[in-house]
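Notes for the one structure printed next.
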Amino acid sequence: MIGPKMPGMVMATLTRTSRAEGHYDYENGGIWVDGAPTEISFKGAVLPLSYKDLKYDSGGTYTVDDRKLYTYNSFDTGEKINHGGTPYTILEDKDYSQFGGGLHVYIIKRGDS
């Protein structure tokens, strides 16, 4: 059964920043070389946290700069995304996939922390 989908008018294009796997460069003395950063575009809706969210949640305490990300993409805690030039870090996944055909709701923290 396919569940309801987020309306396209609230969805924005965001980017996910990740790094390719690093490696040891044995031709240059075995030094560690970080993997190259890559950016991948995806669709999602970034909305402010509710008053209830701002009080407390299982991930800890949040601020007015933190947001909720609604998307059909899957992320790991700690991954970095960018919305409108502002960096965010994935803090917590609230899996709503059983209600919205694969919908995930993430708490995201503003900044590169």
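The values are calculated or read from the model by the stated rules, or taken from the named source; none is laboratory data. Predicted model, so just to flag it, every value in this text is computed and none were measured. Here the Cβ positions follow ideal geometry from the backbone for every residue, glycine too, while neighbour counts run over all protein chains shown.
I'm told F75 meets every condition in (1) assigned to a loop (DSSP other than H, G, I, E, B); (2) at pLDDT 90 or above; (3) more than 25 Å from V10 (Cα to Cα) except one. Can you identify the failing condition by its number?
That leaves (3) as the condition not met.
In the range 73-86, what residues are in contact (Cβ under 8 Å) with a residue 40 or more places away in the chain and either in contact with a Ser or Thr (Cβ under 9 Å, 6 or more places away or on another chain) or aliphatic (A, V, I, L, M) (or both)?
The initial filter retains those residues of the range 73-86 that are in contact (Cβ under 8 Å) with a residue 40 or more places away in the chain, namely 73, 75, 79-84.
Hits for the range 73-86 are E79, K80, I81, N82, H83.
Within the range 24-72, count every residue that is without any contact (Cβ under 8 Å) to a residue 40 or more places away in the chain, surrounded by 15 or more Cβ atoms within 10 Å (Cβ to Cβ) and of a type in the set (G, A, S).
So the count comes out to 2.
From the list M1, M6, exactly one residue is modelled with pLDDT under 80, closer than 28 Å to Q98 by Cα, in contact with a helix residue (DSSP H, G or I) (Cβ under 8 Å, 6 or more places away or on another chain) and outside any strand (DSSP E or B). Which is it? Walk me through it before giving the result.
Details: M1 fails: in contact with a helix residue (DSSP H, G or I) (Cβ under 8 Å, 6 or more places away or on another chain).
The match here is M6.
In the range 29-53, how many are within 20 Å of L14 (Cβ to Cβ), of a type in the set (A, V, I, L, M) and in a strand (DSSP E or B)?
4
Run down K94, K68, K109, K80 and say which single residue is basic (K, R) and more than 14 Å from L49 (Cβ to Cβ). Break it down into steps so the answer makes sense when it comes.
Details: K94 fails: more than 14 Å from L49 (Cβ to Cβ); K68 fails: more than 14 Å from L49 (Cβ to Cβ); K109 fails: more than 14 Å from L49 (Cβ to Cβ).
Step by step, each of K94, K68, K109, K80 is checked, and only K80 is basic (K, R) and more than 14 Å from L49 (Cβ to Cβ).
Take T61 and tell me if it is on the phi < 0 side of the Ramachandran plot, β-branched (V, I, T) and modelled with pLDDT under 90.
Numbers: on the phi < 0 side of the Ramachandran plot: yes; β-branched (V, I, T): yes; modelled with pLDDT under 90: yes.
In short, yes.
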